[in-house]
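Notes follow the structure.
Nothing in this text is a laboratory measurement; each read-out follows from the coordinates by a stated rule. Remember, predicted model here, so these are calculated numbers, not experimental data. Here the Cβ is made from the backbone with ideal geometry for all residues, glycine too, and neighbour counts use every protein chain on show.
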Amino acid sequence: MHYSIKKQRNLNNSIPFVKQAGISSLLFILLVGLSLTVLTVGYMSSMRNLQSSATTAHAQTQAQMKAMMGYHALSKFLLNQPQGYLDKITAGDISEGTTITSGYVKSTSCPASTIPGEVHYCFDITGKSGGASAIIRAMYAYQKEVQQSTVAGTIFAGGLVVGGNAKFVGETGEDVTIFVGGTNAGKVVDTAGKILTLTGITVQAYTNPIEVADATTLKNYANYLFTKNSAGAMECYQNNLHTTGTTIITTPTKITCPVGVSFDKGTWSFNSSTAKLAGIMWFDGNVIIKLVATPNDMINTVLATGSVTTDLIDKAGVYNAYAPMHYLLTANDSNIKARLDTVCPAANYPVQFCQTYDATQRNLITSVAYFNENKDKFLKNTNLFPANLSNILFLTDTEFAIDAANNTTMNLYGNIVGTKGAGGTGKASGKITGTGNINVKGNLVVTGDLKTEVQGNMTVTLGKSNTDGNNIPVLIYSTKSKSIRYM
């Protein structure tokens, strides 16, 4: 009996241990459940963060894409805009259809260019998407470049007025076209406004404007420069010349002013037959061209920031003035070598259009045909700038005045160019007057807004110049992307 009671007591003592084992299981299950809950909540939170990050990354990528699309659109838009517009533009939107994809703002902290003639413009282009934004800083370089262009005929951009008994005719057997602009575009009128018909000449409206490079722009491409110092005294320089041996002058070098060049009361005087200088003459201001009767012909290109006026010294006879290239284009077998030696002499020859002087090769020239076949040995490509300056006879930034006196014949070989117009109400940018005969074997190109007048008892004969001599320098404006970066 004692044993049984003891055993029962032991059983009673073991019951609490069995009950505690059940609670442990429940606690274990509870802890596992809590762990799974925490893991699930953490996973869901992680997924939300990943989704948010993916959305943000996608939005940022889309914003960058829109900023880049805006950059390309803005670059295309600015490509051919004039500088005046680039100066005024401040901000705007870029749209695809009716949807604005990006915006742009001109930056005021754009670094200046160190390249002459180049101007920098900076824009901040912003693309936005889903709350994200991206900014591209784009820097553009606005450049004014001199290139070459073939002139298809004579141009009077501001109009052509023919008065008195003056006549414009085309040379026999040649098809000559002139382009007339202004209020009477496509028409030639007299001083009363009556429409005239020109013999042997086709008249068309001037609808395809060109901008010829002006004398100021072309200064650094001249061979001789005539200017004034601060005291108003004349100063003379030479440039772009192969002098002797291997010496080439590539920057303006001051020289003693040559004979045949003078300066009085603000006007230059140039006598080519006395000066005997090869190449391109550049004058700061007005210049009077003193022409001497043949055989003392002028053989030069004259560029002037002011007016160009011809003055016949002998007052009678035949006067010839040649642009360098046209002097060669009108040569014959007997004088082609001598003419080449004049245009490109052994010493002080222009490097813009003359090849390295080779006396041995030149001695082989016996005909124009041989010269033409071997032209690249003597001349650079005169259809390219700056060699094409040799096609110009006179170029003025204001006005030109050509006068043929009684009993005179003036033959002008080369292109005569007025780049801007003289200005002033009723003032012409070009005047051709007198009672003699004027033969222009080239093109008259007046691109200023003012009219050209032909007055007097005279005949102006226009001859279609050789194709090689029609090429002249023109100004081309462009805006090019220089750099981009994300801000």
Open item on the list: Going Cα to Cα from K194, which aspartates and glutamates come in below 16 Å? Please leave out same-chain ones fewer than 8 positions away.
Closed with: E453
Task: Relative contact order of region 100-203, defined on C-alpha pairs under 8 angstrom at six or more residues apart (%) - done: 19 percent
Task: For G181, net neighbour charge (Lys/Arg +1, Asp/Glu -1) across residues whose Cβ lies under 13 Å away - done: +1
Task: Computed [θ] at 222 nm, helices only, for the chain once each DSSP H run of length n ≥ 4 contributes -39500 (n - 2.57) - done: -7500 deg cm²/dmol
Open item on the list: Report the gain in length on full extension from L79 to V318: 0.36 nm times residue separation, minus Cα-Cα distance, nm rounded to one decimal.
Closed with: 81.0 nm
Task: Average Cα contact separation per residue, the chain, under 8 Å, 6 or more apart, as relative contact order % - done: 17 percent
Task: Among the listed pairs K265/K290; K420/K451; K276/K377; K290/K451; K290/K337; K76/K480, those beyond 21 Å (Cα-Cα) - done: K276/K377; K290/K451; K290/K337
- [ ] Assign one of three labels to region 157-215, namely rounded, prolate or oblate, based on the Cα gyration tensor with a ≥ b ≥ c the square roots of its eigenvalues; rounded applies when a/c is under 1.5, prolate when it is not and a/b is larger than b/c, and oblate otherwise.
- [x] oblate
- [ ] Note down the net charge around V119, summing +1 for each Lys or Arg and -1 for each Asp or Glu among other residues with Cβ under 14 Å from its Cβ.
- [x] +2
Task: Shape of region 317-372, Cα gyration tensor, a/c cut at 1.5 - done: oblate
TODO: Can you bin the chain into rounded, prolate or oblate? Criterion: square roots of the alpha carbon gyration tensor eigenvalues sorted a ≥ b ≥ c, rounded for a/c under 1.5, prolate for a/b above b/c, oblate for the rest.
DONE: prolate
Open item on the list: I'd like the distance separating the alpha-carbon centroids of region 149-181 and region 254-323, in whole Å.
Closed with: 25 Å
Task: Zone of Y370's modelled label, taken as backbone nitrogen in region 315-352 under 12 Å from a point 7 Å along Cα→Cβ - done: 333-338
- [ ] Figure the gain on full extension for V105 and D264 (residue separation times 0.36 nm, minus the Cα-Cα span) and round it to one decimal in nm.
- [x] 52.0 nm
